[in-house]
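Chemist: Could you have a look at this structure, given as structure tokens, before my questions?
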Amino acid sequence: MKLQVSKSQNSTSYYVAKSFRNDMGKISSKIVERLGSIEELKAKAGNEDPIAWAKNSHILKIKDNKRMT
């Protein structure tokens with residue numbers, strides 16, 4: 001899983017994306033979770049750097065939850 005950034009003219013949004021190979025054998029990605037804008041990430045991360053929090057803590061947490069189910 002990776003942190004995917006989508007920039008538009010007015011804002012930047014962050015997503016957790018999963019890479020996979022589709023039926024044709026090409027690599028594609030699927031959005032697993034929308035994390036929100038940088039302001040929303042700052043609120044979720046608390047005192048940590050929001051990008052580092054998303055890459056390390058949150059993505060690892062999602063991976064562990066997927067393994068348990």
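Chemist: Starting from the range 17-35, take each residue that is touching a residue at least 12 places away in the same chain (Cβ under 8 Å) and under 26 Å from S57 (Cα atoms) and list its partners that are of a type in the set (S, T, N, Q) and open to solvent by 100 Å² or more (accessible area, probe 1.4 Å), counting only C-beta distances under 8 angstrom and pairs at least six apart or across chains.
Modeler: Close Cβ pairs satisfying both conditions: none exist.
Conditions (1) at pLDDT below 90; (2) of a type in the set (S, T, N, Q), marked per residue:
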residue	(1), (2)
S6	no, yes
T12	no, yes
Y15	no, no
E40	no, no
G46	yes, no
W53	yes, no
S57	yes, yes
I62	yes, no
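Chemist: Out of everything in the range 24-64 that is closer than 16 Å to T12 by Cα and assigned to a strand (DSSP E or B), what residue ends up being farthest from the chain's Cα centre (by Cα)?
Modeler: Applying the filter and picking the extreme gives S37.
Chemist: Which members of the range 14-30 meet the condition of being closer than 17 Å to M1 by Cβ and open to solvent by 90 Å² or more (accessible area, probe 1.4 Å)?
Modeler: Listed by number, the residues that qualify are K18, R21, I27, K30.
The values are calculated or read from the model by the stated rules, or taken from the named source; none is laboratory data. Not measured: the values here are computed from a predicted model. No Cβ is skipped: glycine too gets one built from the backbone with ideal geometry, and neighbour counts run over all protein chains shown. We work out accessible area using only protein heavy atoms, side chains counted, and drop any ligands, DNA or RNA first. Shrake-Rupley method; radii C 1.70, N 1.55, O 1.52, S 1.80 Å.
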